[in-house]
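For reference, the structure discussed in these notes is given below.
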Amino acid sequence: MEIRPATPHDLDALLGFAPDAAVGSVDPQRLREELEAGRLRWPWTWLAVDDDGVLVGRALWWGYADSTGPLSLDWLDVIEIVPDRARLATDLLDRAHHALADAARPGTVDMPKYELILPPRWREDPAAVDAVTWRTQAAAAAGLDHQLERLRYEWRPTAGVPETSGRLRFRAGSEEDFLEVGA
């Protein structure tokens, strides 16, 4: 198994890597867009390639186009046929963390947080639970053990508008009203 940073020669393999439908993953179009915009970069994209030259795992760190280093680990993927996905992901993260940290601040391993975006009610989906389990095990083993869960609420037009309870009243406000609330 070879664990290494990606190069432009790896683009086809990265674009052909099947996204994990159980958790938020990067599809080929978004991957290309993020690379072109400089928010994903080759030195921040790490690969696990098996002895036959097949891409079996990837870790992609994200940053702003003008960032000097990555700000978050946004995607961590290992294909299903790998017997111990968590172990391979841990190895991938360990190797990448040391290289990325040394490039940013020699001798340190303080890395950006891992962000895992999950679908609604993911705990009810065995595939999502499995996907989260091996990823969080790998992240913890690689030193990313702090967990914070945030709930994201989203209204969609197909959901309609709920009946008002009458407890809240909405009205246009002035700049003075806004400043008064903030005081």
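Rule-based calculations on the coordinates, nothing more; no lab input. Predicted model only: the values in this text are computed from it and were never measured. Please note: Cβ atoms are built from the backbone with ideal geometry, for glycine as well, and neighbour counts cover all protein chains shown.
Calculate the length of the line joining the C-alpha centroid of segment 55-82 to that of segment 113-183, in whole Å. One Cα centre to the other: 22 Å. When each of 7, 68 is scored by the number of other beta-carbon atoms lying within 10 Å, the sequence from fewest to most is 68, 7. Applying the Karplus relation 6.51 cos²θ - 1.76 cosθ + 1.60 with θ = phi - 60° to segment 85-90 yields 3J(HN,Hα) values of 4, 4, 5, 5, 4, 4 Hz, where x marks Gly and Pro.
Taken one residue at a time, the phi angles of segment 63-80 give Karplus couplings (6.51, -1.76, 1.60, θ = phi - 60°) of x, 5, 4, 9, 5, 7, x, x, 9, 7, 8, 9, 9, 9, 9, 9, 5, 4 Hz. Gly and Pro are set to x.
Along the chain, the longest continuous region that contains none of the trypsin sites (Lys or Arg not before Pro) in a DSSP loop with at most 13 other C-beta atoms within 10 Å is 1-120. Residue order for 54, 23, 181, fewest other beta carbons within 10 angstrom first, comes to 181, 54, 23. At an R0 of 45 angstrom, the distance between the Cβ atoms of residue 181 and residue 141 translates into a FRET efficiency of 0.45.
Across segment 2-151, the relative contact order, built from alpha-carbon pairs under 8 Å that are at least six residues apart, equals 22 percent.
Eigenvalues of the alpha-carbon gyration tensor of the chain, scaled by 5 and square-rooted, set the equivalent ellipsoid semi-axes at 37, 21, 17 angstrom, largest first. Residues of the chain were split at every exposed loop site, defined as GluC sites (Glu not before Pro) in a DSSP loop with at most 13 other C-beta atoms within 10 angstrom, and the longest piece left, sites excluded, is 1-79. Applying 0.36 nm per residue to the separation of residue 148 and residue 4 and subtracting their alpha-carbon distance, the gain on full extension is 48.9 nm.
This ranking places 134, 155, 61 by how few other beta-carbon atoms lie within 10 Å of each, fewest first, which gives 155, 134, 61.
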